[in-house]
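A.B. asks: Got a structure here, written out as structure tokens. Questions coming.
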Amino acid sequence: MDTSKKSLEIAFAVAEGGLAPQAKGGESIRVGPGSEIAEGSCKIVEHGTVSIGVYRVEGRFLAIRNYCPHQGAPLCLGKLHTTHAPSAVGEFQPALPGRVLRCPWHGWEFDLVTGKGLYDAKGRVKTYAARVDPDGIVFVDL
């Protein structure tokens, strides 16, 4: 098996494991009412020098840093979609439905749940724990 194919298989295995980030008990930022973020859409919030995209996917809130590690694009201006897992020539295996964020500049793909880049074994974007309080307000834990 060639190295690039193995790297892609590792990337997809990490993403498919789907472990969301855990809150570390530090600072939280208020995003706003969850009702303001439609299914499949994003609200971008700024905190100091950090920009974070907060998405609603299948009824849960997911947060990812709004920065592509390739060339610094505003990642959250990209689109959410389903991608295809590595497979044999002519085979197309849909993977990670509705939770892959594609960079608007060069098309690099990232799993929204884990932040895992789907182009090699190591690439990743920072993700954050998101939660909703009893009043329906979304918070992101830094």
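Yes/no per residue for (1) among the charged types (D, E, K, R); (2) touching a Gly at 6+ places or on another chain (Cβ under 8 Å); (3) buried (at least 17 other Cβ atoms within 10 Å of the Cβ):
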site: Pro33; (1), (2), (3): no, yes, no
site: Cys42; (1), (2), (3): no, yes, yes
site: His84; (1), (2), (3): no, no, no
site: Ser87; (1), (2), (3): no, no, no
site: Gln93; (1), (2), (3): no, no, no
site: Pro97; (1), (2), (3): no, no, no
site: Pro104; (1), (2), (3): no, yes, no
site: Glu109; (1), (2), (3): yes, yes, yes
site: Val113; (1), (2), (3): no, yes, yes
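A.B. asks: Sticking with this structure for a sec: Could you tell me how many of the residues in the range 13-29 are surrounded by 12 or more Cβ atoms within 10 Å (Cβ to Cβ) and either under 16 Å from Gly136 (Cα atoms) or modelled with pLDDT of 80 or more (or both)? Full working, then the answer.
C.D. replies: Looking only at the range 13-29, we keep the residues that are surrounded by 12 or more Cβ atoms within 10 Å (Cβ to Cβ), and these are 13-16, 18, 20-21, 23, 28-29.
Pick out the ones that are also either under 16 Å from Gly136 (Cα atoms) or modelled with pLDDT of 80 or more (or both) and you get 13-16, 28-29.
Selection size over the range 13-29: 6.
A.B. asks: Right, another one. Quick check on my filter: what residues within the range 51-101 are under 21 Å from Lys5 (Cβ atoms) and touching a Leu at 6+ places or on another chain (Cβ under 9 Å)?
C.D. replies: Scanning the range 51-101 gives Thr82, Thr83, Ala85, Pro86, Ala95, Leu96, Val100.
A.B. asks: Identify all residues within the range 72-108 that are in contact (Cβ under 8 Å) with a residue 24 or more places away in the chain, more than 21 Å from Val54 (Cβ to Cβ) and small (Gly, Ala, Ser); write none if there are none.
C.D. replies: Within the range 72-108, Ala85, Ala95 qualify.
Each row is one residue, and each column tells you yes or no for (1) farther than 19 Å from Asp141 by Cα; (2) among the aromatic types (Phe, Trp, Tyr); (3) at pLDDT 95 or above; (4) in contact with a helix residue (DSSP H, G or I) (Cβ under 6 Å, 6 or more places away or on another chain).
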position	(1), (2), (3), (4)
Tyr55	no, yes, yes, no
Gly59	no, no, no, no
Cys76	no, no, yes, no
His81	yes, no, no, no
Ala95	yes, no, no, no
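A.B. asks: Separate question: So for the range 83-93 (the condition being of a type outside the set (Lys, Arg), touching a Ser or Thr at 6+ places or on another chain (Cβ under 7 Å) and modelled with pLDDT under 95), does at least one residue qualify?
C.D. replies: Of the range 83-93, the ones of a type outside the set (Lys, Arg) are 83-93.
Right, trim to touching a Ser or Thr at 6+ places or on another chain (Cβ under 7 Å) and you get 93.
Then keep just the ones that are modelled with pLDDT under 95; that gives 93.
Yes, the conditions are met somewhere in the range 83-93.
The values are calculated or read from the model by the stated rules, or taken from the named source; none is laboratory data. What you see is a predicted model, and the numbers here were worked out from it, not measured in a lab. Positions of Cβ are backbone-derived with ideal geometry, glycine not excepted, and every protein chain shown enters the neighbour counts.
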